Amino acid sequence: MGQTNGDLGQNQDEMLKIEVSSDKMKATARFYPPSEQGQRLTLSEITDYLASKEIRHGIDIPAIESFLKERDYSAEYIVAKGTEPVKGKDAEIRYHFNRELKARPKLNDDGTVDFHQLNNISHVEKGEVLAVLIKETPGQPGQNIYGEILKPREAKKKMLRFGRNISLSEDKLSIVSDVSGHVSLIDGKVLVSDVYEVKGDVDTSTGDIIYEGSVVVYGNVRSGFKVSAAGNIEVRGFVEAAALEAKGHIVLRRGIQGMGKGSLYAGGNIITKFIESAQATAQGDVIAEAILHSRVSSKGEICVEGRKGYIIGGMVRAANLVKANTLGSPMGSDTVIEVGADPLMKEQYQELKKEVRNQEKELARMMPILSAFRKKLGMGEKIASDKMQDIRKLAEVFRGIEISYEENKNEIEKISGILARDTDARIKASGTIYPGTRLVISDSMLFIRDERKYSQFVREGAEIKMLPL
């Protein structure tokens, strides 16, 4: 902005140059001095100039007046600022019950494990408020310097999710239990249920038990049957070659003799007298007095203590810690103890490596066929239409396997990096570790050839080191 008057002398008026930020939220002015006979800018001329540039919001009059007072031509003046939108506040649900129960037994002074004091159920009384919804607060829109409206980030809404035996208040902002029982939060849904009790055995008289709450079996769970619960499972008797699956904890007061077919899966902890010839997987911890010839995995810790406290045979995997009195046996039973990574990740790693080997074989089988076909085409041979169609299908299959192969290789490399990281995971034996036991920490392995006592094992660098307890 500015002008030149006359043919001689060329008087130069005071000039103004505006620069707008890329986000349209700020206009910066730089002023240039007039010649001796040139005219100075006025407040109205500056604001009119801004208006001519369609800058109409957030004009900073004090900043312009500051320039008119100081006439500092070396400085830049922010003459307009946009208004930032105000973020809304997301809705929130406040739960009025314990959502993180840890079912752990008490280890008595005499070495026995008390399975009675578990505190693994969050009790609720009829009429008790279970959760309250704090509604979202909407945000405030903003404007850029051109007066364009800037929408705020939309506040996230939430709703109270709940199952039976629960009522929603009239204002829809709280939920109340209709019965006395126990409450749990499963996949974001509040559940209140009475405990389903099986007074005898789970067998042909009951069929499979599938229940949206917790289950207590006072007898045994017989071979071939299934107990599935959205909450916890407790069995007062024995579990045979049966399948137990709980989103919460599993408590077996007398243990499982799986006969090579029994299985346990818990979204929380598994607490049992013993595990023999079975498969057990826990998203939490595994606590037992003995584990024999079983495949057991935990995303937390595996603690085998009490009067027996031994792990003999099979494979026992935990993310953080395996602790027992005795590992292996004098007979040299093949016993594998693994820590330092999510067991599911280790299994995925092995499956991916197996799949990659199979894919390599398939690609190697197809490659000569496709190469021979390309050679024939290059020599100008005519190919029958049905044969051409078969080759095209084979090429599509080849490309699909090739893409999957590269993806699997990348995933293997990613998991290998995770397994190679330093870890605080460790293996502890308060008694004896017998020869024939293999210790694995992340991707390092140690084969026990001589009897060891009262030791713990950690990974230092690429090696497994033995330390005193």
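Observations, loosely collected:
- Summarising the label geometry, the points placed 7 Å from Cα in the beta-carbon direction at Glu128 and Ala462 lie 5.6 nm from one another.
- Per-peptide average of other Cβ atoms within 10 Å, ordering 291-302, 386-397, 322-333 highest first: 291-302, 322-333, 386-397
- Dipole magnitude of the range 4-81 about its Cα centre (Cβ charges: Lys, Arg +1; Asp, Glu -1), debye to nearest 20: 300
- Once the Cα-Cα distance is subtracted from the 0.36 nm per residue extended length, the Lys189 to Arg449 segment shows a gain of 88.5 nm.
- For the range 151-191, the relative contact order is 38 percent, taking Cα pairs closer than 8 Å that sit 6 or more residues apart in sequence and dividing their mean separation by the residue count.
- Here the relative contact order of the chain, from alpha carbon pairs under 8 Å that lie six or more residues apart, stands at 7 percent.
- Gain upon complete extension [Met345, Ser223; 0.36 nm per residue less C-alpha separation]: 40.9 nm
- Dimensions of the chain along the principal axes, based on C-alpha atoms and rounded to the nearest Å, stand at 113, 84, 58, largest first.
- Counting only DSSP beta bridges whose two residues both lie in the chain, roughly 40 percent are antiparallel.
- Per residue, the average separation of C-alpha pairs within less than 8 Å and at least 6 apart gives the range 345-419 a relative contact order of 56 percent.
- Put a dot 7 Å past the Cα of Glu402, heading toward its Cβ, do the same for Lys414, and the two dots end up 2.3 nm apart.
- Table column - 3J(HN,Hα) (Hz), the range 443-454, Karplus curve with 6.51, -1.76, 1.60, x for Gly and Pro: 10, 10, 10, 10, 9, 7, 9, 10, 4, 10, 9, 6
- Compared with the direct C-alpha span, the chain from Lys157 to Met15 gains 45.9 nm at full extension, assuming 0.36 nm per residue.
- Mean projected area of the convex hull spanned by the Cα atoms of the range 260-330, taken over all viewing directions: 4.0 nm².
- Distance (nanometres) between label positions extended 7 Å along Cα→Cβ at Asp23 and Leu168: 3.9
- Per-q log10 I(q)/I(0), the range 345-419, q = 0.12, 0.14, 0.17 Å⁻¹ (Debye; single scatterer per alpha-carbon; no solvent): -0.46, -0.56, -0.70
Read-outs throughout are calculated quantities, based only on the coordinates presented, and are distinct from any laboratory measurement. From a predicted model like this one, the values you see are computed outputs, not experimental measurements. FYI the Cβ positions are ideal-geometry reconstructions off the backbone, even for glycines, and counts take in every protein chain you see.
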